[in-house]
Amino acid sequence: MTHSTYIQQAPSSFKLNQTLVADAPRRDEQALAQAELYSHLESQAEAVAPTQDPLTSRDRRIIGEIIEVQPESIRTIWIECGITVWVQLVASGRLPFDRNWFATRVAEVKATLPETPRERNERLSDELEKACAIFGLYHGEIDWLGFSTKLYQDGHFVGFVGCDQQGWYARPRQYGVNRVAGSAKDVIALLGVRAAVAA
């Protein structure tokens with residue numbers, strides 16, 4: 001079976017790499033119009049589907065600490081070929097780092113950074129959820145500023161629990177003395193609630 005291909009040659013008037021000087025202003029206008037169109041399309045795309053920043057402020061703080069720059073100057077980060085970590089800066093500079101060295105530095109810096117309020121709340125919320133599961137309880141809406149909430153069992157109010165600088169606390173009524181313990185599980189037990197028994 002034969003296969004034929006049709007090839008069209010350029011016309012003889014076509015001159016490769018030859019620039020007409022008289023045509024230059026028109027090309028400049030076209031390039032300007034094209035750049036304006038691209039800019040408009042980018043702004044429209046951003047308005048329809050804004051890009052999500054993959055780095056959190058904590059990530060930026062960690063990276064900024066490692067490479068000794070302001071966190072706001074970091075645009076993004078990526079790993080190339082599993083070997084090199086690249087940090088893209090807002091001022092359009094890029095810095096390469098060995099992945100293993102960078103991972104070691106991230107672990108070191110994370111250990112020294114204080115916990116943010118959001119991270120604290122997430123940690124406390126996870127601990128409270130686990131403790132509620134043990135006792136067969138559920139909680140109302142959490143006051144995230146003071147980290148406190150109401151506990152319920154089978155639709156009945158059990159008490160208040162929360163966590164502050166002293167640790168976990170509980171009280172059976174809105175007003176009264178707080179009972180303090182080291183964990184959410186221990187403080188719920190101070191309310192007189194027994195662990196749920198598997199049936």
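Every read-out reported here was derived from the displayed coordinates using simple, explicitly stated rules and does not represent laboratory data. Keep in mind that what you see is a predicted model, and the values were worked out from it rather than measured. Cβ coordinates were reconstructed from backbone atoms using ideal geometry, including for glycine residues, and neighbour counts include every protein chain displayed.
Just one of the listed residues (Val109, Val177) is of a type in the set (A, V, I, L, M) and more than 30 Å from Ile66 (Cβ to Cβ), namely Val177.
Within the range 137-146, which residues are part of a strand (DSSP E or B) and out of contact with any Leu (no Cβ under 7 Å at 6 or more places or on another chain)? Within the range 137-146, Tyr138, Asp143 meet the criteria.
The condition (being out of contact with any Phe, Trp or Tyr (no Cβ under 8 Å at 6 or more places or on another chain) and part of a loop (DSSP other than H, G, I, E, B)) is satisfied by just one residue among Glu108, Glu115: Glu115. Would you check if Ile134 is in contact (Cβ under 8 Å) with a residue 24 or more places away in the chain, closer than 23 Å to Ala196 by Cβ and out of contact with any Leu (no Cβ under 6 Å at 6 or more places or on another chain)? Yes; evaluated as a whole, the condition is true for this residue.
Flag set for Arg120, criterion: closer than 30 Å to Glu68 by Cβ and either of a type in the set (Lys, Arg) or in contact with an Asp or Glu (Cβ under 6 Å, 6 or more places away or on another chain) (or both). Report yes if some residue within the range 147-156 is in contact with an Asp or Glu (Cβ under 7 Å, 6 or more places away or on another chain), assigned to a strand (DSSP E or B) and touching a residue at least 12 places away in the same chain (Cβ under 8 Å); otherwise report no. Yes, that holds for at least one residue.
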